[in-house]
Structures are given as structure tokens and as C-alpha cells.
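Before anything else, here's the structure in question.
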Amino acid sequence: MNPSNLISKEEFLKRRERFMRKIGDGNVAVVVSGEEIIRNGDVHYPFRQNSSFHYLTGFPEPSSVAVFAPGTEKPYSLFVRPHDPVMETWVGPRIGLRKTISQFGADRSFDIAHLLDELPKLLSRADTLWYSIGTSAKVDQIVENQISERRDGLQRGGAALEAVRDPQELIDELRLIKSRGEITALQRAIDITAAGLAHIRDYIEPGRTEYEVQGTLEAEYRKLGSPRDGFPSIVAAGHNSCTLHYIDNRARIKNGDLLLLDTGAEWDFYSADVSRTYPANGKFTPVQKDVYEIVWSAQQTAIEAVRPGASFYDPHNAAVRILIEGLKDLKVLKGNRKSIESSFAYRPYYMHGTSHWLGLDVHDAGKYRNADQTPVALKPGMVLTVEPGLYFPRTVPGIPSELRGIGIRIEDDILVTRTKYRNLSAAIPSKSKEISD
Ligand code: GLY
Ligand code: MN
Ligand code: MN
């Protein structure tokens, strides 16, 4: 299976056209790729393209720069690494300048080594330059030179560069609404994650280590063609489940432990993000089951709050209300629900948000609040996680002893549709009777 075939060339072209409409004719945008990072000697960390650069170009190589000049004859240029027989012997083939045009749709391609000579020419007539200052020291320098040269040219009848503006917000707006192709890619990532979780269900047992479970899970993702994970897998047994981003994964699983898995395979650069919490020995204790049912019901209620026009925070607020009632039933909190809500007294046990955007990045692009601080309203095509949890860490005083060390999170990936929502990860069992004997 080709791991990069669900987003068509036409879709990449459409993205660039939309982006260029936002930039406006007469202006120019410069977007830089990710860079390889050296780990030591001549060993690099595995390279994955920067998500926004990927979104616009689909070009997978580092040390690349895209230039967009809407309204001109050749609006899309890419600076890329040229062929280099020595480097290609060591680290593999490069796309090269010709295929950058024939396969990736650039109108022009340049050798990245000529950036200093060629980029200023492409910028020389821009009114507004859209560029995220700080993303490349080289481009920063070229932009700075451009500003001062244009200023110097004013006396000779030139025009000053009117503004340098950050294009990230424009790209984020585009990335926030997913196309049919993107939803298909996300669904594939989620289906592989589902298959991985199904694969390890019977493998999980007391005596195994977190890293064995992690290795077995991720091996299944690789076997199914996912090239990498969207983020480091969280495989947290017992007390470790109370550490929200626990990625050490070195402990041995004990009898009676819960095992919290928070994981997502990547497909076509899109990431799944699913959490499930299993009893390691196959059966919840009564108190584990009580907590699980509270989190599950908070999650179901939160998912039901997803619909077009709802606030981004509606699912969170719905989840918090159920969690507070549950904390009262568990005798962890006392008092009136509203006052617990407004005083945030639930925070020691539920300290994170319920949702984030999901897409090319696990915490995907897009804002949660508008400039006037009103919450963003949900729209068809947005994808968000719904992931309430309850955590009873050792470090918080006054927790009833039978609850200590319990950490439960249940997370699904939800697409906002025209009428309501679709749970893209619904096929991964989460009802307590499906995961406990
Ligand atoms: N996997 C990180 C998160 O759920 O936000
Ligand atoms: Mn997660
Ligand atoms: Mn998440």
C-alpha cells in the first residue's frame, strides 16, 4: 500500500489556490519546510515534514522553501535540494528540480543553494510579504535585507515593503476544515489504531511491561502500513496513568492495575488520537468500574454536545458537569455542583481540557477563541477529540485510599457533520462490559 495516496494532486493545488486568494494579488508569501535535526555525529532524528508546509506543497524533503506570488504568471516556486550523487549514495534519492515541477506542481523550481540570489528577486515587487519571521535564519536575513533595500530605493521612485505579516493564521484557518480526502486519511489512521488496539487486547496481562505492549501495538501499526506514530504512545500502568503525558513506558504491569493507552497511528501525515483504559487482568475492581462508568458517561454526554453551531467548549462543559456529579458520588467532593464548577474544585482530578483539534498534527492547527474571546463555533468538517478523564494521583492529599493510583481517560475522534457528528473511532470498544469480564 502506498502510504501517501489519499490526498490528490488536485487537492494540493486547490489548497494553494485558496491560500493565494487569502494572500491577495500583488503580495508574496514565503513558507519554509522543516529542517533535519542532528542527533549526533552524522546521525539525524527521523525527519517528518512540517505539517503546514506539507499541507500546501506535499513536498516531503527538508531544506525547501515555497514562494507564492498570486496574480503573477508563475505564482508557485519551490526551492529544493538538487540531485547530489554522493549524498544520494548515503541517504537516498532526492526529488530534484525537474520532478519538483512535473510531480509536485511547482511553476518554477530553484536550487536551494541559490536562495540568497533568487528569493530577493521574487520578493522585489511584493506590497505585503507574508512570512513567519523566525522560521528560517536565512530567510529572516533575506527579508531584513529586502526591507532596507526597498527603503533605500524610495528616493529613486521605488515602493516600500508595506508590511511583513505572519501567514500561519491563514494556513491554520484552511487546515481547520477537513476535506473529504483528509477525513478519509484520518479514518485510515484511526482504523489502523483500532486494529492495533484490538491486536493487543489479549496480549495485555499482569507481568508484561509497558514497553512490550507499546512495541506490540506499534509493530501492528507498521505492519498495516502506517509509517510512524502521530505522537509518542502513552502506555501507563497503575499510578503512571495519573501522569497525563507519561511516555517513559518502562514499568511492569501489576495484577489489579489499570492500563491507560493513549495512541495514534499516522496515515498520509494525518494522526489518530485515541485513549482507552483497560483492566490489565481483564476485570475491573468495583471501584475501578465506578470511576470508569463516570468517565464513560461524561464522554458520551460530551460527544452528544458536538454539533454545528455549538461552542468548542460545549463538550468540555458537559463533561465537567458529569464528572463533578461523579466526584460527589465517590465522596471526593462535597457541595453544590455549580459552586464546584465555578471554583474549579474538580481540577485536582480533572486538570486538562476535553478537546483539541485533530488533523496533520495531533494537537492540530486552528484557534479555540476568536479575537473577541468568544469561543469558536463548531462547523462541518472540523475534527476534534473528546477525551474526559479522572485522575487520583498520590500527590493530591485527601483522596480515599481505594481510589489512589486510578487514572482513566477515554478519547475518541469526532467529525462535525452537517447535521451533528460522526465518531470516527466508534469501532474501538469502550463500554465497560466490552472491556471487562
Ligand atoms: N495524545 C495526547 C492527547 O490526547 O492530547
Ligand atoms: Mn490522546
Ligand atoms: Mn488528545
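How many residues does region 343-360 contain that are surrounded by fewer than 20 Cβ atoms within 10 Å (Cβ to Cβ), at negative phi and not hydroxyl-bearing (S, T, Y)? Don't jump to the end; show me each part of the working.
Going through region 343-360, the residues surrounded by fewer than 20 Cβ atoms within 10 Å (Cβ to Cβ) turn out to be 343-345, 347-348, 351-353, 356.
Filter once more, so that each one left must be at negative phi: 343, 345, 347-348, 351-353, 356.
Within this subset, residues satisfying the condition of being not hydroxyl-bearing (S, T, Y) are 345, 347-348, 351-353, 356.
Counting residues in region 343-360 that are surrounded by fewer than 20 Cβ atoms within 10 Å (Cβ to Cβ), at negative phi and not hydroxyl-bearing (S, T, Y) gives 7.
Still on this model: I need the full set of residues from region 169-196 which are closer than 30 Å to D257 by Cα and either of a type in the set (D, E, K, R) or touching a Lys or Arg at 6+ places or on another chain (Cβ under 6 Å) (or both), in order please.
D191
Take the residues in region 148-168 that are surrounded by 13 or more Cβ atoms within 10 Å (Cβ to Cβ) and charged (D, E, K, R); name whichever of them is modelled with the lowest pLDDT.
E162
Tell me the residue from P380, P429, P375 that is away from ligand 3 (no atom under 16 Å from the Cβ), modelled with pLDDT of 95 or more and touching a Pro at 6+ places or on another chain (Cβ under 6 Å), please.
P380
Looking at region 330-339, can you tell me whether even one residue there is away from ligand 3 (no atom under 16 Å from the Cβ), of a type in the set (A, V, I, L, M, F, W, C), part of a helix (DSSP H, G or I) and more than 28 Å from S179 (Cβ to Cβ)?
Step one: list which residues in region 330-339 are away from ligand 3 (no atom under 16 Å from the Cβ), which gives 330-339.
From what is left, the residues that are of a type in the set (A, V, I, L, M, F, W, C) are 330, 332-333.
Among the residues that remain, those that are also part of a helix (DSSP H, G or I) are: none.
So far as region 330-339 goes, no, none of its residues is away from ligand 3 (no atom under 16 Å from the Cβ), of a type in the set (A, V, I, L, M, F, W, C), part of a helix (DSSP H, G or I) and more than 28 Å from S179 (Cβ to Cβ).
Output yes when any residue across region 184-202 is surrounded by fewer than 17 Cβ atoms within 10 Å (Cβ to Cβ) and basic (K, R), and no when none is.
yes
Moving on to the next point. I'm checking my understanding of the structure. Among residues of region 386-414 that are among the small types (G, A, S) and more than 16 Å from ligand 1 (Cβ to nearest atom), which one is nearest to P315 (Cα to Cα)?
Among them, the one singled out is G405.
Name the single residue, out of those in region 244-279 being out of contact with any Phe, Trp or Tyr (no Cβ under 9 Å at 6 or more places or on another chain) and polar (S, T, N, Q), that is farthest from ligand 1 (Cβ to nearest atom).
Across region 244-279, the extreme among qualifying residues is N255.
Determine which single condition D290 fails, assuming it passes every other condition in (1) more than 22 Å from L327 (Cβ to Cβ); (2) surrounded by fewer than 22 Cβ atoms within 10 Å (Cβ to Cβ); (3) touching a residue at least 40 places away in the same chain (Cβ under 8 Å); (4) acidic (D, E).
(1)
When you scan region 379-437, how many residues do you find that are surrounded by 21 or more Cβ atoms within 10 Å (Cβ to Cβ), part of a loop (DSSP other than H, G, I, E, B) and among the hydrophobic types (A, V, I, L, M, F, W, C)?
6
To continue, here is another question. I'd like the full set of residues that are without any contact (Cβ under 8 Å) to a residue 40 or more places away in the chain and in a strand (DSSP E or B), limited to region 92-143.
Within region 92-143, R108, S109, F110, D111 meet the criteria.
Please list, ordered by first then second residue, the pairs with beta carbon atoms under 7 Å, 6 or more apart or interchain, first in region 315-343 and modelled with pLDDT of 95 or more, second assigned to a helix (DSSP H, G or I) and polar (S, T, N, Q).
Qualifying pairs under 7 Å: A318/T301; A319/Q299; A319/T301; I322/S297; I322/T301.
Then there is this: Which members of region 395-437 meet the condition of being among the small types (G, A, S), more than 24 Å from K331 (Cα to Cα), touching a helix residue (DSSP H, G or I) at 6+ places or on another chain (Cβ under 6 Å) and within 16 Å of ligand 2 (Cβ to nearest atom)?
S425
Restricting to region 341-363, give me the number of residues that are within 13 Å of ligand 2 (Cβ to nearest atom) and either more than 15 Å from V416 (Cα to Cα) or over 23 Å from the mean Cα position of the chain (by Cα) (or both).
Step one: of region 341-363, the residues within 13 Å of ligand 2 (Cβ to nearest atom) are 352-358, 361-363.
Remaining after also requiring either more than 15 Å from V416 (Cα to Cα) or over 23 Å from the mean Cα position of the chain (by Cα) (or both): 352-354, 361-363.
Total meeting the criteria: 6.
Looking for something within 16 Å of ligand 2 (Cβ to nearest atom), closer than 27 Å to L224 by Cα, under 24 Å from the mean Cα position of the chain (by Cα) and aliphatic (A, V, I, L, M) - is there at least one such residue anywhere in region 270-284?
Yes, some residue in region 270-284 is within 16 Å of ligand 2 (Cβ to nearest atom), closer than 27 Å to L224 by Cα, under 24 Å from the mean Cα position of the chain (by Cα) and aliphatic (A, V, I, L, M).
Could you list, in sequence order, the residues of region 244-294 that are assigned to a loop (DSSP other than H, G, I, E, B), within 16 Å of ligand 3 (Cβ to nearest atom), in contact with a Ser or Thr (Cβ under 8 Å, 6 or more places away or on another chain) and of a type in the set (A, V, I, L, M)?
Hits for region 244-294 are I247, A272.
The values are calculated or read from the model by the stated rules, or taken from the named source; none is laboratory data. Keep in mind that this is a model prediction, so the values were computed, not measured. All Cβ positions, even for glycine, are placed from backbone atoms using ideal geometry, and neighbour counts span all protein chains on display.
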